Protein chains: 2
Amino acid sequence: MTQLLQARKGIITKEMEYVANFEKVEAEFIRQHIADGKLVIPANKIHLAGMLKPVGIGRAISTKINANIGASPLDSDDACELAKMNIALKYGADAMMDLSTGGDVDRCRKNLIDHCPVPMGTVPLYEMIMGNKPIQELTYDDILATCRKQAAQGVDFFTIHAGLLRQHLPLVKKRLAGIVSRGGSLIAKWMNYHKKENPFYTIFDDLCDIMLENDVCFSLGDGLRPGCLADATDEAQIGELKVLGELTARAQAKGCQVMVEGPGHVPYDQIEYNMKIQQEICNGAPFYVLGPLVTDIAPGYDHITSAIGATAAAYHGASFLCYVTPREHLGLPTADDVRQGIIAYKIAAHAADVALKIGDARKWDDELSTARANLDWDKHLDLAIDTETATRMHKEKMLPNEDHCTMCGKDWCSVRISKELKESL
Amino acid sequence: MTQLLQARKGIITKEMEYVANFEKVEAEFIRQHIADGKLVIPANKIHLAGMLKPVGIGRAISTKINANIGASPLDSDDACELAKMNIALKYGADAMMDLSTGGDVDRCRKNLIDHCPVPMGTVPLYEMIMGNKPIQELTYDDILATCRKQAAQGVDFFTIHAGLLRQHLPLVKKRLAGIVSRGGSLIAKWMNYHKKENPFYTIFDDLCDIMLENDVCFSLGDGLRPGCLADATDEAQIGELKVLGELTARAQAKGCQVMVEGPGHVPYDQIEYNMKIQQEICNGAPFYVLGPLVTDIAPGYDHITSAIGATAAAYHGASFLCYVTPREHLGLPTADDVRQGIIAYKIAAHAADVALKIGDARKWDDELSTARANLDWDKHLDLAIDTETATRMHKEKMLPNEDHCTMCGKDWCSVRISKELKESL
C-alpha cells in the first residue's frame, strides 16, 4: 500500500512519523495532508530498504530542493556523477534526479540509488531510447517495461510527461522557443510521426498500476513548460496544466502519490498567478518548479535568475524547487556548478520558509546575526551556509586572530561602535 | 538652479532631454516627474562640465543600480579602486559611490570623479573624521566645510544621515544587531556623547544651501536600517523613515533634489510593505535600497540573497538598487567581487523592469531567446549579460564549431528536436 492509501485509511506510517519529526509537526498533520493529496513522501519500498531517509514534500512543511545530475553522451561518468551527488547532499539537496542520457545509464542509476539517502527521481523515457533508438520506435510495452524495471531498482519518483496532448501541438507553432523539455520534445515528435495521442496518456492507468506496486510517486512532467519569457503562461502551458490536473485526480483516485511539475521561464509579475492556478487546478498537489528564471539574458548566471523566481514561487505556493546551475543552457554542470546551484536554491527555499514562517526557519538567521553582532567570527563563519567559502573570503587578506574584517578595519566597524554604544545606552 | 527648480518653472534642461532620450519617453514626462519630486537627475554642475552623462532615477523609468567602491584602512589603493570602477561600469553600473575610509581619500575621490561618466556619490561624514579624529570632536563647521569641498569637487549625491534622532536611540537597545550603518553608528556615538541632537539634522537648512549651489542631490541616509531579519520594519527603522519623510519635504521645498535610502535585511514577506510605506511617507521620492537581503545565513553569497530582495523591492517601488557583493560582511570586495555584484543587480533591475513592463525591457530577453531557439550560438553568447563568462562555460569541453552543448549533446537536444518539429507541424 502506498503512503497515500495508508493515510486515507488513517494509518500513520513510520515514514510519516519520520517526516513529522523532522518538520517538528504532529504525525497526524502529515497523514492528513498526504490523505488530501497535498503532501507526498516519495519513498520506493526498495530504496527504503536501502539507505533512504523519508522526505516530505508539500506547502504545509518546509520547502525542498532537488539537484539534477546525470551524464550526457558527451560528458561525465559514474564516478563524476557520484561526486556531484555527494556535493549536492553536502550543501543540502533534499532530493536528486538522475537524468543521464549517456554512459551506462543503468549502472549509473543503480550506483547512485545505492548511495543516496534522499529520494531519487528519473525520467524513464530517457532509458527507453538509449543506444540511438529513434523515438518513433517507442512502443507501449517499452514504456511499461522500463518503468517496471526502474521501479524495481528503487527509483522514488518518475517524471511522466502524460499531459502534453496532440491537441496542444498547434499551439507550439506560435511559440518563440517551442518545446524546451527534452521529454516533451521527444513525445511531440512521436505524436507527430504516428498521428496518435501521447502514449503516456494512453496507457496512464497501466502506469498507475506500476507506480502503486513499490509506491513510486508521480512527478507529472510539464512537457510544454515555457523556455523563455515570451512563452510564459501561454495557451500551450495552461492547456497542458489542465490535463495534468485531470491526471493528478486520476492517479490519486487509484492511490498513487502525485507531484506536478511547473515552469521554467516566467516574468516576475506572473509568478504568483502561475503558482495559484496550479494549486487550484491540481487541488493543492505539491508543485515542483524549475526556477523559474525571471529573465533570459543571463546564461552563466541562471542559478541567480532562477533563485529569484524560485523564492517568489515557493512563497506563492510551490513546495519543491528544482535547482538550476550557472551552466544551464551552456553545458553539462560540473561538481562546482552543482555546489553553486544548490546553495542558491537553499537560499531561495530558506528565504521562502522564513517569509512563510514555517517552523523555526528564522532561528538560523537570528543565531548567525547574533554571532555577527557579537563579533564572534568563529561562530559567524561556522553558521554560514558555506563555511569554507565564507572563511576563505574573510581570511584572504587578514592577519590571524583579528576580530574585524578588511571592509572597515577596526576603528570604522559599525558593529563594534554599535556594540559599545548599546552597552553605554 | 537645480534640476528641480528648473522643472518647477517648466524648463526642460539638456539633462532632462538626455535622460528622456535614453529612457525613450517624452522630455516633458521627465520634467513633470522631477517637478513632483518623484525623479532625480543627480548631476553636479562641476561633474557635468567633466565627463558625466546624466542618469535619471525614479520608479517611472528603468531601475538603476549603484556600485559601492572605496579603499578601507586595511586594503586597496587609488589604482585598485579605479579598476573596480571600470569593471562596475563595464557590466552596467548606473552610479557609483566612493566610500573610502583609507588611503588619501581626497585624491582617490578626485581621480574617480575625473574618470566617471555616471553619477558619483559619497558619505561626506567619512572624510570629516579621517586621520583618526574621534567622532566626538566633529563640529558643525567641519560638516559644512567638508560638504562644501566635496560639492566643489563635483560629487553628484551625498548620503546625509540626518534622520536618526536622539529619540530613536533607546529603540536601538531592543535590537539584535543594533546600528549597522557606519554613518549611523558614528552619529549615534556623537549624540550619546554630547547629549545633543543629530548635528546633520540641526544644520539641515545650511546643508540644503550647499546642495543647492552645484545641484548635489540628497540621498537621505538610513542610519537605522535593519542589519538582520530580526530588526526589520521595527520601531527604530520606521521612526527614522518618518523623519526622512519630513526632511524630504523640507529639502524639496528649498529646491534640492532628494532620494531616500532604505534597508538592508528584510524578510521576503515584508518587502512590499517596506516599499509602499516609503513611497507614502516620502511622497514618491525615489527609494534607494541596499538589497535588501532576504536571509542572514549566507555570507559569501549575499549578492544572491540580496538580488532576490532587490528584485522584489524594485517591483514594489524602489527605483535605485545599491549592489551587495559576495564579500559583504566578510571583507573589502575585490574587482571580481564587484563584477559579481553588478551582474546580480543588473539581473534584479532588468527582471523588475520586465515585470513592470518599463520601456522595451523584454526585447533583450526575446532577442537572446530567439538566438537560442535558432541554435545561433554566436548571437546567443554575444547577447549574454556577460559574454566572456558564458562563452568560457560553453566552450570549456566542446570541440570548436559545434552547434550543440555538452548538456544533451546533438541528438538529445530539445531545442533541435523542437526546431525540426515546428518546421514539420
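The values are calculated or read from the model by the stated rules, or taken from the named source; none is laboratory data. Being a predicted model, the structure only gives us computed values, none of them experimental. With ideal geometry, Cβ positions are generated from the backbone for all residues, glycine too; neighbour counts draw on all protein chains shown. Accessible surface areas use protein heavy atoms only, side chains included; no ligands, DNA or RNA. Shrake-Rupley method; radii C 1.70, N 1.55, O 1.52, S 1.80 Å.
Residue by residue through region A:390-407, note down the ones that are touching a helix residue (DSSP H, G or I) at 6+ places or on another chain (Cβ under 7 Å), more than 8 Å from chain B (Cβ to nearest Cβ) and assigned to a helix (DSSP H, G or I).
Once the filter is applied, which keeps residues that are touching a helix residue (DSSP H, G or I) at 6+ places or on another chain (Cβ under 7 Å), more than 8 Å from chain B (Cβ to nearest Cβ) and assigned to a helix (DSSP H, G or I), region A:390-407 yields only A:T391.
Read through the list (1) open to solvent by 40 Å² or more (accessible area, probe 1.4 Å); (2) of a type outside the set (V, I, T); (3) facing chain A (nearest Cβ under 7 Å), then give the number of the only condition that B:K410 fails.
Unmet condition: (3).
Could you list, in sequence order, all residues of region B:277-308 that are open to solvent by less than 10 Å² (accessible area, probe 1.4 Å) and β-branched (V, I, T)?
Selection gives B:V289, B:V294, B:T295, B:I297, B:I304, B:T305, B:I308.
Looking only at residues that are under 14 Å from the mean Cα position of the chain (by Cα) and of a type outside the set (V, I, T) in region A:28-61, which one is most open to solvent (accessible area, probe 1.4 Å)?
Of all residues in region A:28-61, those under 14 Å from the mean Cα position of the chain (by Cα) come to A:40-42, A:55-59.
Pick out the ones that are also of a type outside the set (V, I, T) and you get A:42, A:56, A:58-59.
Numbers: A:P42: 0, A:G56: 2, A:G58: 0, A:R59: 51 Å².
Out of the qualifying residues, it is A:R59.
Out of everything in region A:364-389 that is part of a helix (DSSP H, G or I) and β-branched (V, I, T), what residue ends up being farthest from the other protein chains (Cβ to nearest Cβ)?
At the first step, the residues of region A:364-389 found to be part of a helix (DSSP H, G or I) are A:364-373, A:377-383, A:387-389.
Among the residues that remain, those that are also β-branched (V, I, T) are: A:370, A:387, A:389.
On the way: A:T370: 6, A:T387: 9, A:T389: 4 Å.
The extreme case among them is A:T387.
Give me a count of the residues in region A:127-160 that are among the aliphatic types (A, V, I, L, M) and open to solvent by 50 Å² or more (accessible area, probe 1.4 Å).
Narrowing region A:127-160 to residues among the aliphatic types (A, V, I, L, M): A:128-130, A:135, A:138, A:143-145, A:151-152, A:155, A:160.
With open to solvent by 50 Å² or more (accessible area, probe 1.4 Å) added as a condition, the list becomes A:130, A:145, A:152.
Adding up the residues that qualify gives 3.
With the checklist (1) crowded, with 24+ Cβ neighbours inside 10 Å; (2) within 14 Å of chain B (Cβ to nearest Cβ); (3) β-branched (V, I, T) in hand, flag the one item A:T233 doesn't pass.
Failed condition: (1).
Given the criteria within 25 Å of A:G227 (Cβ to Cβ), outside any loop (DSSP other than H, G, I, E, B), open to solvent by less than 30 Å² (accessible area, probe 1.4 Å) and among the β-branched types (V, I, T), does A:I347 qualify?
Working: within 25 Å of A:G227 (Cβ to Cβ): yes; outside any loop (DSSP other than H, G, I, E, B): yes; open to solvent by less than 30 Å² (accessible area, probe 1.4 Å): yes; among the β-branched types (V, I, T): yes.
Considered against the rule, which asks whether it is within 25 Å of A:G227 (Cβ to Cβ), outside any loop (DSSP other than H, G, I, E, B), open to solvent by less than 30 Å² (accessible area, probe 1.4 Å) and among the β-branched types (V, I, T), A:I347 comes out as yes.
Just to check your reading of the model, which residue among A:D360, A:D353 is acidic (D, E) and not in a loop (DSSP other than H, G, I, E, B)?
On the way: A:D360 fails: not in a loop (DSSP other than H, G, I, E, B).
Step by step, each of A:D360, A:D353 is checked, and only A:D353 is acidic (D, E) and not in a loop (DSSP other than H, G, I, E, B).
Sort out which residues of region B:156-171 are among the charged types (D, E, K, R) and not in a loop (DSSP other than H, G, I, E, B), and write them in order of number. Steps first, answer last, please.
Narrowing region B:156-171 to residues among the charged types (D, E, K, R): B:156, B:166.
Residue satisfying the conditions is B:R166 alone.
Per-residue answers, yes or no, for (1) within 14 Å of chain B (Cβ to nearest Cβ); (2) touching a Cys at 6+ places or on another chain (Cβ under 9 Å):
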| position | (1), (2) |
| --- | --- |
| A:C108 | no, no |
| A:M120 | no, no |
| A:E127 | yes, no |
| A:K133 | yes, no |
| A:D141 | no, no |
| A:L144 | no, no |
| A:K149 | no, no |
| A:A152 | no, no |
| A:F157 | no, yes |
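Is there a residue in region A:62-73 that is more than 21 Å from A:M211 (Cβ to Cβ), more than 14 Å from every other protein chain (Cβ to nearest Cβ) and open to solvent by 10 Å² or more (accessible area, probe 1.4 Å)?
No, region A:62-73 contains no residue that is more than 21 Å from A:M211 (Cβ to Cβ), more than 14 Å from every other protein chain (Cβ to nearest Cβ) and open to solvent by 10 Å² or more (accessible area, probe 1.4 Å).
So how many residues does region B:270-304 have that are part of a loop (DSSP other than H, G, I, E, B) and within 14 Å of chain A (Cβ to nearest Cβ)?
Residues of region B:270-304 that are part of a loop (DSSP other than H, G, I, E, B), as a first pass: B:282-286, B:291-292, B:294-301.
When the remaining residues are screened for being within 14 Å of chain A (Cβ to nearest Cβ), the result is B:291-292, B:294-301.
Within region B:270-304, residues that are part of a loop (DSSP other than H, G, I, E, B) and within 14 Å of chain A (Cβ to nearest Cβ) number 10.
Under the condition of being of a type in the set (V, I, T) and either part of a helix (DSSP H, G or I) or surrounded by fewer than 24 Cβ atoms within 10 Å (Cβ to Cβ) (or both), which residue from region B:172-201 is farthest from the other protein chains (Cβ to nearest Cβ)?
Our first condition is that a residue be of a type in the set (V, I, T); within region B:172-201, this holds for B:172, B:179-180, B:187.
Adding the requirement that they be either part of a helix (DSSP H, G or I) or surrounded by fewer than 24 Cβ atoms within 10 Å (Cβ to Cβ) (or both) leaves B:172, B:187.
On the way: B:V172: 7, B:I187: 10 Å.
It comes out as B:I187.
Residues in region A:336-356: is at least one touching a strand residue (DSSP E or B) at 6+ places or on another chain (Cβ under 7 Å), closer than 21 Å to B:A232 by Cα and of a type in the set (A, V, I, L, M)?
The answer is yes, given that some residue of region A:336-356 is touching a strand residue (DSSP E or B) at 6+ places or on another chain (Cβ under 7 Å), closer than 21 Å to B:A232 by Cα and of a type in the set (A, V, I, L, M).
Of everything in region A:365-393, what is touching a Leu at 6+ places or on another chain (Cβ under 7 Å), among the hydroxyl-bearing types (S, T, Y) and either touching a residue at least 12 places away in the same chain (Cβ under 8 Å) or farther than 19 Å from A:K419 by Cβ (or both)? Give them in sequence order.
The answer is A:T387, A:T391.
List the number of the failed condition for A:I358; all other conditions in (1) within 27 Å of B:T387 (Cα to Cα); (2) open to solvent by 20 Å² or more (accessible area, probe 1.4 Å); (3) touching a Ser or Thr at 6+ places or on another chain (Cβ under 6 Å) hold.
(1)
Just one of the numbered conditions (1) more than 10 Å from chain B (Cβ to nearest Cβ); (2) buried (at least 24 other Cβ atoms within 10 Å of the Cβ); (3) in a loop (DSSP other than H, G, I, E, B) is not true of A:G223; which one?
A:G223 satisfies all of (1) more than 10 Å from chain B (Cβ to nearest Cβ); (2) buried (at least 24 other Cβ atoms within 10 Å of the Cβ); (3) in a loop (DSSP other than H, G, I, E, B) except (1).
(1) more than 20 Å from B:Y268 (Cβ to Cβ); (2) away from chain B (no Cβ under 14 Å); (3) buried (at least 24 other Cβ atoms within 10 Å of the Cβ); (4) of a type outside the set (F, W, Y): which one isn't true of A:S319, the others all being true?
Evaluating A:S319 over (1) more than 20 Å from B:Y268 (Cβ to Cβ); (2) away from chain B (no Cβ under 14 Å); (3) buried (at least 24 other Cβ atoms within 10 Å of the Cβ); (4) of a type outside the set (F, W, Y) leaves (1) as the failure.
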